[in-house]
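The values are calculated or read from the model by the stated rules, or taken from the named source; none is laboratory data. Remember, it's a predicted structure, so these values are computed and weren't measured experimentally. Neighbour counts are summed over all protein chains in view; Cβ atoms, including those assigned to glycine, are modelled from backbone coordinates with ideal geometry. Surface accessibility is based on the protein's heavy atoms, side chains included, excluding ligands, DNA and RNA. Shrake-Rupley method; radii C 1.70, N 1.55, O 1.52, S 1.80 Å.
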Amino acid sequence: MEPVRLQRYLARCGLGSRRACERMITEGRVSVNGTVVWEQGARVGEFDVVMVDGRAVAPEKLRYFIINKPPGTISVDQDLRGRRYIVDLIPGGREMGLFPVGRLDLDTSGLMILTNDGDLGNRIAHPRYGISKEYVALVKGRWSIGSLKEASRDGVKLDDGSLVRDIVFLQAEPRGDRTVVTLRIHEGRKHVVKRIFLSLGSRVIELHRSAIGELGPGGLREGEWREVRKKDILERMKT
Ligand code: URA
């Protein structure tokens, strides 16, 4: 293994995203060859002894999974109410150091990538890379594709005054007094789809993520997952 930056090495040990690993360094929890290292850029290689909280860590085999998240599961590992963490749907997920790339709300279903590869996670989730995501939303009211395009032509202003640009509305199909809307967005702000529709004067009743870039759930039913290759993911990431 070529020497790599410490935070990258830690992420490869399955300790979370690169940012989470940077925090471990800042908190003084990481030592290399017996000395606490505070410097983010320190380089480490295969002959260095790296410890976190006094325990030796070593790079793991990198694993990649896609899962169709069922509603009612959470994508953050900090829940005091006993709700199911998405990583626990994959046997041994915690032991492998898996974490979800990005977040979906408790009641949102659909595609998530789980991995222990902090580099890849960062690359896909970081707004800088602008990987697009496709959602199917059941929303209140009757909308035509034309009215949605018109209402979002100059972007949509959210409740905090920020603007979401580049919303691509792909389909709007009436369902009674509701509409099933397919849209693609390029960012991952919290509750962003729900907030877009609130700004447009509607409300999301159900939300499903149908793609990340060009990667879809490929026939997985809710709660089902599949291991994939890194290449399968990277080839399908588009902005
Ligand atoms: N937008 C939302 O409102 N919720 C999600 O879970 C994802 C995107």
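Condition check: within 21 Å of the chain's Cα centre (by Cα), over 18 Å from Ser144 (Cα atoms), acidic (Asp, Glu) and within 12 Å of the ligand (Cβ to nearest atom). Does Glu214 satisfy that?
Values: within 21 Å of the chain's Cα centre (by Cα): yes; over 18 Å from Ser144 (Cα atoms): yes; acidic (Asp, Glu): yes; within 12 Å of the ligand (Cβ to nearest atom): no.
So Glu214 fails the test.
Looking at segment 123-137, can you tell me whether even one residue there is within 13 Å of the ligand (Cβ to nearest atom) and assigned to a helix (DSSP H, G or I)?
Yes, some residue in segment 123-137 is within 13 Å of the ligand (Cβ to nearest atom) and assigned to a helix (DSSP H, G or I).
Six or more apart or on different chains, Cβ under 8 Å: which pairs go from a residue in segment 212-239 that's part of a strand (DSSP E or B) to one that's at pLDDT below 90? Could you list them?
What qualifies is Ile212/Ile124; Ile212/Met237; Leu215/Met237; Arg226/Gly218.
What's the number of the only condition in (1) under 17 Å from the mean Cα position of the chain (by Cα); (2) more than 16 Å from the ligand (Cβ to nearest atom) that His186 fails to meet?
Single failed check for His186: (2).
Please identify the pairs in which a residue from segment 86-109 that is aromatic (Phe, Trp, Tyr) has its Cβ atom under 8 Å from the Cβ atom of a residue that is assigned to a strand (DSSP E or B), counting only partners at least 6 apart or on another chain.
Between residues of segment 86-109 that are aromatic (Phe, Trp, Tyr) and residues that are assigned to a strand (DSSP E or B), the close pairs are Phe99/Leu114; Phe99/Thr115.
For segment 196-224, how many residues meet the condition of being surrounded by fewer than 19 Cβ atoms within 10 Å (Cβ to Cβ) and farther than 15 Å from Ile131 by Cα?
So the answer is 14.
For segment 57-76, check the following and say yes or no: at least one residue is farther than 19 Å from Arg229 by Cα, among the aliphatic types (A, V, I, L, M), open to solvent by 40 Å² or more (accessible area, probe 1.4 Å) and at pLDDT 95 or above.
no
Does Arg165 count as of a type outside the set (Asp, Glu), surrounded by 14 or more Cβ atoms within 10 Å (Cβ to Cβ) and either within 16 Å of the ligand (Cβ to nearest atom) or at pLDDT below 95 (or both)?
Taking the combined requirement at face value, the residue does not satisfy it.
Hey, does segment 139-157 have a residue that's within 16 Å of the ligand (Cβ to nearest atom), open to solvent by less than 20 Å² (accessible area, probe 1.4 Å), in contact (Cβ under 8 Å) with a residue 60 or more places away in the chain and in contact with a Lys or Arg (Cβ under 9 Å, 6 or more places away or on another chain)?
Yes, segment 139-157 contains at least one residue that is within 16 Å of the ligand (Cβ to nearest atom), open to solvent by less than 20 Å² (accessible area, probe 1.4 Å), in contact (Cβ under 8 Å) with a residue 60 or more places away in the chain and in contact with a Lys or Arg (Cβ under 9 Å, 6 or more places away or on another chain).
Scanning for something of a type in the set (S, T, N, Q), in a loop (DSSP other than H, G, I, E, B) and open to solvent by 70 Å² or more (accessible area, probe 1.4 Å), does segment 78-92 turn up at least one residue? Lay out the reasoning, then the answer.
Start the filter on segment 78-92 by keeping residues that are of a type in the set (S, T, N, Q), which leaves 78.
Narrowing further to those that are in a loop (DSSP other than H, G, I, E, B): 78.
Now drop any that are not open to solvent by 70 Å² or more (accessible area, probe 1.4 Å), which leaves 78.
Within segment 78-92, one or more residues are of a type in the set (S, T, N, Q), in a loop (DSSP other than H, G, I, E, B) and open to solvent by 70 Å² or more (accessible area, probe 1.4 Å).
Just need a number here: residues in segment 12-34 that are open to solvent by less than 80 Å² (accessible area, probe 1.4 Å) and either at pLDDT 95 or above or not acidic (Asp, Glu) (or both). Spell out the reasoning first.
Taking segment 12-34 as the starting set, the residues that turn out to be open to solvent by less than 80 Å² (accessible area, probe 1.4 Å) are 12-18, 20-22, 24-25, 28, 30-32, 34.
From the residues that got through so far, the ones that are either at pLDDT 95 or above or not acidic (Asp, Glu) (or both) too are 12-18, 20-21, 24-25, 28, 30-32, 34.
Summing the residues that are open to solvent by less than 80 Å² (accessible area, probe 1.4 Å) and either at pLDDT 95 or above or not acidic (Asp, Glu) (or both) in segment 12-34 gives 16.
Kindly list the number of the only condition in (1) closer than 22 Å to Lys69 by Cα; (2) modelled with pLDDT under 95; (3) outside the structural domain of Met112 (by TED's automatic domain parsing) that fails for Gly219.
Among (1) closer than 22 Å to Lys69 by Cα; (2) modelled with pLDDT under 95; (3) outside the structural domain of Met112 (by TED's automatic domain parsing), the lone unmet condition for Gly219 is (3).
When you scan segment 131-146, do you find a residue that is among the basic types (Lys, Arg) and in contact with a Ser or Thr (Cβ under 8 Å, 6 or more places away or on another chain), even just one?
Just the residues of segment 131-146 that are among the basic types (Lys, Arg), to begin with: 133, 140, 142.
If we keep only those that are in contact with a Ser or Thr (Cβ under 8 Å, 6 or more places away or on another chain) too, we end up with 140, 142.
Yes, because at least one residue in segment 131-146 is among the basic types (Lys, Arg) and in contact with a Ser or Thr (Cβ under 8 Å, 6 or more places away or on another chain).
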